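Coordinate-derived values only; no laboratory data. Keep in mind that this is a model prediction, so the values were computed, not measured. Here the Cβ positions follow ideal geometry from the backbone for every residue, glycine too, while neighbour counts run over all protein chains shown.
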Amino acid sequence: MKTALITSTGSVAADIVLKSLKRMGFRVIGCNIYPREWIVESCEVYAFYQSPPVSEIEHYLSFIKELCVKEKIEFVLPMIDYEIDILNRNRQWFEDQKITLCISPWKSLNIIRDKKKLADFIDEKCPETLSIPTQIMSEISKLDWDFPIVCKPINGRSSQGLKYVHNLVEWNQICTEVNQDNYIVQPYIAGPRIVVEVVRQENPHRTVAMVRRELISTPHGCSLTVLVYQDKQLEESACRLADELGILGDVNFEYILDDTGKYHFIECNPRFSAGCEFACMGGYDCIENHMKCFMGQEIEEYHFKHNIIIARKYEEYITSTSTDVPYGKTCS
């Protein structure tokens, strides 16, 4: 039985990843910054460990290494971007331990995790993909676009730090509030968000793309209701971009669909999307095929069947029946 580690078991994608890995026969270990009883998925793994926050880089990295050795981890599946950043910079230790990091190559991630580099890369390598004009805030002497504009961290995630600027007063204010070298500026484009889930392997070469449109989502970009549909031209351009980037395994591309029917590329999330279960329900098991990429097995082809709408619901679970209150005070 192979052993896999899922980090950040509280992430939205953790549930379907856990279910798929267990179905595949993996012994699954989990970790999260919160106590086991606070996260349902933490109660469903073979063993759970409470981790330090990823912001404590050295502490977090030492914890992951010790956990991998103790539990004889063979595959590591980081669930959030900042974990990927840390593990990507520390690949050598895992390679020496013969532990597989289930993420794209360093060269790919170096581009993906820098929104300015990625926009420039697309313009050069994949001109059929419409990137949104992107400038580093510190390099702007005069704005090229009308308001509103969008400002966000160059390596941000989940809309954290994203700001919409509607006038010159707001622009002058944000310029004093953020590190301008670490922020990008883009024109605002209105329209629904489109997600393309992509799974790619190098040998034998195959790239698969699945399209969905967000109908309802949270302010931080977590899909609640989606339409799974087919757009062959978008799928082909997404596959070519994945090929040019050298993607390995599952990633997802985000686009804005404007009112003229054009797709504008926003960003690439180099891990399972919050809506990867939608893709699984739409007819392609992203998790199983992701693992095949790192196990030397050939991934499956994708055959679109028909448009479907999929909606997410929340469920409640009792994770502890203790009558004590160990986590804070009771209300008086």
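Mind listing just one residue for me: the one in the stretch 216-244 that is of a type in the set (A, V, I, L, M) and under 19 Å from the mean Cα position of the chain (by Cα) and, of those, farthest from L130 (Cα to Cα)? Looking at residues that are of a type in the set (A, V, I, L, M) and under 19 Å from the mean Cα position of the chain (by Cα), I get L224. Contact annotation: residue pairs with Cβ atoms under 9 Å, 6 or more positions apart or on different chains, pairing a residue in the stretch 61-75 that is free of Cβ contacts under 8 Å to residues at least 12 places away in the same chain and of a type outside the set (A, V, I, L, M, F, W, C) with a partner that is crowded, with 18+ Cβ neighbours inside 10 Å and not in a helix (DSSP H, G or I), are K70/Y49. Of all the listed residues (V208, V251), the sole one being touching a Cys at 6+ places or on another chain (Cβ under 7 Å) and under 17 Å from C293 (Cα atoms) is V251. Once the stretch 249-263 is narrowed to residues that are out of contact with any Leu (no Cβ under 8 Å at 6 or more places or on another chain) and buried (at least 20 other Cβ atoms within 10 Å of the Cβ), the residue that is farthest from L130 (Cα to Cα) is G249.
For the residues Y82, Y60, Y49, Y34, the requirement of being under 18 Å from the mean Cα position of the chain (by Cα) and hydroxyl-bearing (S, T, Y) singles out Y82.
Filtering the stretch 1-53 to residues that are within 24 Å of T321 (Cα to Cα) and charged (D, E, K, R) leaves D15, R36, E37, E41, E44. Of all the residues in the stretch 117-150, those that are within 30 Å of T218 (Cα to Cα) and either among the β-branched types (V, I, T) or touching a Cys at 6+ places or on another chain (Cβ under 9 Å) (or both) number 9. For the stretch 202-209, the criterion of being outside any strand (DSSP E or B) and among the aliphatic types (A, V, I, L, M) is met by none of the residues.
Scanning the stretch 73-116 for residues that are assigned to a loop (DSSP other than H, G, I, E, B) and within 27 Å of N182 (Cβ to Cβ) yields P78, M79, I80, N90, I103, S104, P105, R113, D114.
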